[in-house]
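The values are calculated or read from the model by the stated rules, or taken from the named source; none is laboratory data. All values reported here derive from a predicted model rather than from experimental measurement. Here Cβ is always computed from backbone atoms with ideal geometry, including for glycine, and neighbour counts include all displayed protein chains. With ligands, DNA and RNA removed, areas are computed over all heavy atoms of the protein, side chains included. Shrake-Rupley method; radii C 1.70, N 1.55, O 1.52, S 1.80 Å.
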Amino acid sequence: MTSEPRIAVHGATGRLGQLIMAELGDDCAGIIGRSGSLPSCDVIIDVSTPEGTAALIPHLSSQALVVGTTGALPFDALQAHARGAPVAVVPNFSVGIPLLLELVERAMLVLPEDWHIEVVEAHHAAKVDAPSGTARRLIRAIGRDVPAHSLRVGDTFGEHTVWMCGPGERIELKHVATRREVFAIGAVRWARWLVTQPPGLQLP
């Protein structure tokens, strides 16, 4: 029987980090603090800050790395680490966002070119980066530069809507997270999958 990978968490004191710790329970291999000292682990879930991610990478050896941090990430350093270990930069850990991306890409194949498209996203008031990493990923799926509008309100978990508007009609493709725990569940799922993959950088 294959043993479960040893998963450590960087950014364990944040909102998402605490939920990931709760999801892992006794299966957590340990946390990584400001010193960067690593517990014995196979894969790290990083939900810190772009600066925290940059500070973590020099301490890594062959550990797989799941980055859920958004913002100005150190992609050169991530690509360098990915030459010897699997790395995934995942702006949203939910199950629904990959499906939303697929629907957007399919819609772009058939919509008239003159349709107006914009992205609206909403998160809790303490979220710093705007637009969100997921909104930027949706724009990549759209395939052209479109406006993105960000709301930072209350304790909103995460909402992303793609508005596709033509003469006399509108399509809205939307994902709403109703529980913050969904992201912790997804982060652990990503970590357990990534550790089975070969070296390389994945940008889903």
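Evaluated against (1) at positive phi; (2) loosely packed, with under 14 Cβ neighbours inside 10 Å, Glu169 falls short on exactly one condition, (1).
When the residues of the range 133-142 are filtered to those that are modelled with pLDDT of 95 or more and among the small types (Gly, Ala, Ser), the one that is surrounded by the fewest Cβ atoms within 10 Å (Cβ to Cβ) is Ala141.
Only strands (runs of 3 or more DSSP E) whose full extent lies in the range 58-130 are considered here, and the ones with at least 1 residues that are surrounded by 17 or more Cβ atoms within 10 Å (Cβ to Cβ) and not hydrophobic (A, V, I, L, M, F, W, C) are 86-89, 116-123.
With respect to (1) in contact with a strand residue (DSSP E or B) (Cβ under 6 Å, 6 or more places away or on another chain); (2) more than 18 Å from Leu16 (Cα to Cα), the lone exception for Ala88 is condition (2). Here Thr69 meets each of (1) touching a residue at least 60 places away in the same chain (Cβ under 8 Å); (2) under 17 Å from the mean Cα position of the chain (by Cα) with one exception, condition (1). Whether a residue is without any contact (Cβ under 8 Å) to a residue 40 or more places away in the chain, open to solvent by less than 20 Å² (accessible area, probe 1.4 Å) and under 17 Å from Val195 (Cβ atoms) was assessed, and Cys28 does not pass this test.
Run down Arg144, Arg137, Arg179 and say which single residue is of a type outside the set (Gly, Ala, Ser), more than 17 Å from Arg15 (Cβ to Cβ) and in a loop (DSSP other than H, G, I, E, B).
Details: Arg137 fails: in a loop (DSSP other than H, G, I, E, B); Arg179 fails: more than 17 Å from Arg15 (Cβ to Cβ).
One residue alone meets the criteria, Arg144.
Have a look at Thr161, Thr156 and point out the one that is in contact with a Lys or Arg (Cβ under 7 Å, 6 or more places away or on another chain), under 23 Å from Val89 (Cα atoms) and among the polar types (S, T, N, Q).
Testing whether each residue is in contact with a Lys or Arg (Cβ under 7 Å, 6 or more places away or on another chain), under 23 Å from Val89 (Cα atoms) and among the polar types (S, T, N, Q) leaves just Thr161.
Looking only at residues in the range 39-57 that are open to solvent by 10 Å² or more (accessible area, probe 1.4 Å) and in contact (Cβ under 8 Å) with a residue 60 or more places away in the chain, the one that is farthest from Trp193 (Cα to Cα) is Val47.
Taking only the range 134-158 into account, find how many residues are within 26 Å of Leu16 (Cα to Cα) and over 14 Å from the mean Cα position of the chain (by Cα). Break it down into steps so the answer makes sense when it comes.
Taking the range 134-158 and keeping what is within 26 Å of Leu16 (Cα to Cα), we get 134-141, 148-158.
Applying the additional criterion that residues be over 14 Å from the mean Cα position of the chain (by Cα) yields 139-141, 148-156.
Selection size over the range 134-158: 12.
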